[in-house]
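This report refers to the structure that appears directly beneath it.
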Amino acid sequence: MDGVRDRVTTAVFAVAIALLGAGGALWAVGSDRAAGALWLGGAAVGLVSSLATTVGALREHRPTVDVIALLALAGALAVGEFFAGAVITVMLASGQLLEARADARARRELRLLLERSPRTARRRAGDAVEEVPVDAVGVGDRLLVRTGEVVPVDGRLLTAGTLDEAALTGEPLPVERPAGDAIRSGVVNAGPPLDLLATTAAADSTYAGLVRLVEQAQAASAPFVRLADRLAVLFVPLTLALAGGAWAVAGDPVRAVAVLVVATPCPLLLAAPIAYISGLSRATRAGVVIKGGGALERLAAARVVLFDKTGTLTRGRPHLVDVVTGPGGPGADDLLRLAASLDQMSPHVLASAIVTAATERGLDLELPEEVAEIHGYGLGGEVAGRRVALGKRSWIVPEPGPEWARRARRRAGLEGALSVYAAVDGEPAGAFLLEDVIRPDAPRMVHGLREAGIRRVVLVTGDRADTAATIGRIVGVDAVHAECDPADKLAVIEAERGAGATVMVGDGVNDAPALAAADVGVALAARGATASSEAADVVLTVDRVDALADAILIAQRSRRIAREAVGIGMGLSLAAMVVAAAGLLAPAAGAVLQEGIDLLAIALALRAVLPGRSHTVTLSPADAAIGRELRAEHEASLAVVEEIRTVADALSTRDADLAPARRLLVRLRDDLLAHERADEESLVPLVARALGPSATYALSRTHAEIEHQVGRLGRLLDDIGTNAAQPEDVVELRRLLYGLYGVLRLHNAQEEETAFSLLPDSPAAGRG
């Protein structure tokens, strides 16, 4: 239907231009009658087109200013002003063509997503590969994705791959992903063939959800509600009264026609839609689908933003935050490598978190053998000749259990973490603690919202009050409402509406009522669409909440440009109407003048296509490469941080063994300090270039503090020397280790929030 309408619009414009131009050429050589006939034809084409538009509005019981264009064309034909009628036709046709082109540009990005939707997948069945419909893929299937093919479902890489993620993230350069990384459907294999373990069915995958959102957005965007229709109630009577008054006073119908000609409201008909459609297109390229001009207007007027916690201010999925190891067993990195190698074969969400943590630290994983799942308990198998088991504490650690296991259970309870216990060769070896951590870009997003004019930021969640309050303090919200069910969230939205138009942000099924109740509902759908996406007016298709601040800036700029274009265009048109009513402007001259006013208004509206102020920071390719390299070192250094706490926990004032502390000191000096110095040399200047020098002060201060604390630790161990450690020595050593651990946890959070979250493909988990 849209294609037919576009072709008709193009044809009307071509005919109108041809008739006006040919008539002008004949008039120039003195063939006035032939020129008049062609101009008459052009005016007739415009009359038929305008009549069809007006009848359509009447059928929909919608007020419209198209009636003015209809009257202007009819009046021009009635008084013999054929040239003026032909110019009006060109004016209307050119405006409609510009609107169609702007609308097509906005839809092009959406249509490309639909055309790339995968239809089949290549599934491994033993040594064979079979091509099956994508809907037949199930969780746990092993898939082959050949070079140039679109990844059909969400999954985990079993082999390393090079991926083009531009369709989902906008990142133009291919990204290297190691084995074990979780990837989303819709990305393109830009390297050699790769193997993939499916973790979702096709219908629940990211790309399928994105396609549904696109189809919904397209349906919501047409027909576009024009600003002109809302002003028609005032503008049409004003125009008719002025034209009728000019006719009555002067007794000359030509004056009335002149008024109608310059009153043809193309700035009103076209400027606002062009600005809004341009804004929708720019938002789409930023990873935000706004479902129509009405949603864009409401988003621009927002003053209060309410967030659900899970999946919005937090990652919405578990991340490894600590590894607790037992004495005499594998170290933290070795234990993580063994566990992640086994967990590669499991689609469980906790398994994905462990595999992701291992790949981020650069650990080399191996394919396990003899993998068996004990339903309700865990997973077992053989990795590099060692028997590994992962699962519940009751299955791995017999009661009452060793001290390290009791410590891990206590820590998990205090921090609200999930725990997975590990055994190696039949002996309990350690535990992994996992949490839903804060998004590293969340605090910066809140600052961006305030800069965009948001007066209040509110956290409303069903989680415990202590957890919600902690997250609220870290992110920087104005109020926290905890332990809320869906009905409570609706009450909070209604109460906050007194401070201005409300935006509700969520990503879960339970958020759908709140999203529908707010003035604007915003859903995060980067990992697949849910009921929240169906109920939302705005959908973030990138896994970055700071895109919301950009969407608000885009909406505000588009609305401002639309108002400026309409105001300037209609102001000039009203002035021309007064001049025409006074008899100082003939219909032909008025038509030419109005064409100039239209072009000016449209040009002003098209400014919305150009880039405006943005909250997102774009790194240069060189800085992004530096950032990725330093982030890899950062992830690798987390094992040293965990070892600090492990060593401190194991210290005893009775017969203290300081050998682990001395080995730790070597790692701190050789590995950790080398990384922190590299950060000071390369990461701090990178952040200064991206965010300004003031953003680096805290980073440099903590780098200095870390170096100072490691130096104190070294002096203390040197002072003790080979003597037997006294109880006060152990107490002081433990105090230094816990202090260093706390500083490093805070510093890691600073780096992830300030620096690593700037990377275009940042998976930073916000630890610490």
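The values are calculated or read from the model by the stated rules, or taken from the named source; none is laboratory data. Not measured: the values here are computed from a predicted model. Cβ: placed from backbone, ideal geometry, glycine included. Neighbour counts: every protein chain shown.
Data overview
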| read-out | value |
| --- | --- |
| Odd one out for Val288 among (1) without any contact (Cβ under 8 Å) to a residue 24 or more places away in the chain; (2) farther than 30 Å from Phe432 by Cα | (1) |
| Top-ranked residue in segment 389-413 [being in a helix (DSSP H, G or I) and hydrophobic (A, V, I, L, M, F, W, C); ranked as farthest from Glu369 (Cα to Cα)] | Ala412 |
| Scope segment 709-730; condition part of a helix (DSSP H, G or I), surrounded by fewer than 12 Cβ atoms within 10 Å (Cβ to Cβ) and not charged (D, E, K, R); matching residues | Pro727 |
| Subset tally (residues that are loosely packed, with under 12 Cβ neighbours inside 10 Å and within 37 Å of the chain's Cα centre (by Cα)) for segment 376-406 | 1 |
| Which listed residue is surrounded by fewer than 24 Cβ atoms within 10 Å (Cβ to Cβ), β-branched (Val, Ile, Thr) and assigned by TED's automatic domain parsing to the domain that holds Gly381, from Thr284, Thr310, Thr356 | Thr356 |
| Ala78 vs. criteria in contact (Cβ under 8 Å) with a residue 60 or more places away in the chain, surrounded by fewer than 17 Cβ atoms within 10 Å (Cβ to Cβ) and within 28 Å of Leu234 (Cβ to Cβ) | yes |
| Filter pass, Ala514 being modelled with pLDDT under 85 and surrounded by 24 or more Cβ atoms within 10 Å (Cβ to Cβ) | yes |
| Residue match in segment 402-414 (condition: touching a residue at least 12 places away in the same chain (Cβ under 8 Å) and touching a His at 6+ places or on another chain (Cβ under 6 Å)) | no |
| Hits in segment 180-196 - residues which are crowded, with 21+ Cβ neighbours inside 10 Å and either on the phi < 0 side of the Ramachandran plot or in contact with a Cys (Cβ under 9 Å, 6 or more places away or on another chain) (or both) | Ile183, Arg184, Ser185, Val187, Asn189, Leu194, Leu196 |
| Strands (runs of 3 or more DSSP E) completely within segment 281-388 that count 3 or more residues being modelled with pLDDT of 85 or more and among the β-branched types (Val, Ile, Thr) | 319-325 |
| Checklist (1) surrounded by fewer than 22 Cβ atoms within 10 Å (Cβ to Cβ); (2) within 32 Å of the chain's Cα centre (by Cα); (3) modelled with pLDDT under 85 applied to Arg450, failing item | (3) |
| Boolean, Pro660 is without any contact (Cβ under 8 Å) to a residue 12 or more places away in the chain and either more than 19 Å from Glu707 (Cβ to Cβ) or under 36 Å from the mean Cα position of the chain (by Cα) (or both) | no |
| Residue match in segment 525-543 (condition: assigned to a helix (DSSP H, G or I), at pLDDT below 85, among the hydroxyl-bearing types (Ser, Thr, Tyr) and surrounded by 24 or more Cβ atoms within 10 Å (Cβ to Cβ)) | yes |
| Where Leu459 falls short, out of the listed (1) aliphatic (A, V, I, L, M); (2) at pLDDT 90 or above; (3) closer than 25 Å to Arg557 by Cα | (3) |
| Number of the condition not met by Ala487 [criteria: (1) surrounded by 15 or more Cβ atoms within 10 Å (Cβ to Cβ); (2) modelled with pLDDT under 90] | (1) |
| Test for Ser700: is it surrounded by fewer than 17 Cβ atoms within 10 Å (Cβ to Cβ), touching an Asp or Glu at 6+ places or on another chain (Cβ under 7 Å) and assigned by TED's automatic domain parsing to the domain that holds Arg663 | yes |
| Residues of segment 415-443 that turn out to be of a type outside the set (Gly, Ala, Ser), part of a loop (DSSP other than H, G, I, E, B) and in contact (Cβ under 8 Å) with a residue 60 or more places away in the chain, as a count | 5 |
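For every residue, the table says whether it meets (1) among the small types (Gly, Ala, Ser); (2) under 26 Å from Gly391 (Cα atoms); (3) out of contact with any strand residue (DSSP E or B) (no Cβ under 7 Å at 6 or more places or on another chain).
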site	(1), (2), (3)
Arg439	no, no, no
Arg456	no, no, no
Gly462	yes, no, yes
Thr467	no, yes, yes
Thr502	no, no, no
